[in-house]
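> Could you have a look at this structure, given as structure tokens, before my questions?
Just so it is clear, none of the values below were taken in a lab; they were calculated from the coordinates. In this text the structure is predicted, and so the values were computed from the model without any measurement. Here Cβ is always computed from backbone atoms with ideal geometry, including for glycine, and neighbour counts include all displayed protein chains.
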Amino acid sequence: MKMKEAEARTGLDRKNIRYYERQRLISPNRNPENDYREYSDKDIKQLKVIKVLRKLDMPIEEIRKLLNHDITLSDAMEFQKER
């Protein structure tokens, strides 16, 4: 799906989605014909998770660790409570 649909399905605006891409929290495929981003269901799911975690004021680096499975969700939540 293209950016417009990703925005609609996640409730995030284009600026935030591109920021999360620059932070390497998501990596949508590129259409070889026009170089447009193509967001998968996995990308949408990750964006929804990121949105919730950011609402909890979780730092980007912590979210990266969580998405990379370097820490568990319960550990991340414990760190967040301590902060």
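> Given contacts defined as C-alpha pairs under 8 Å and at least six residues apart, what's the relative contact order of the chain, whole-number percent?
It rounds to 25 percent for the chain.
> Say the cut-off is 20 Å between C-alpha atoms; which of 42/65; 4/45; 4/51; 15/81; 2/42 go over it?
As for pairs spanning more than 20 Å Cα to Cα, those are 15/81.
> Here's another thing I want to ask about it. Counting residues in the chain as N, plug N into 2.2 N^0.38 Å and put the Cα Rg over that result.
Expressed relative to 2.2 N^0.38 Å, the Cα Rg reads 1.15.
> Can you give the FRET efficiency to the nearest 0.05 for residue 78 and residue 19, using r as the Cβ-Cβ distance and R₀ = 22 Å?
After rounding, the FRET efficiency stands at 0.25.
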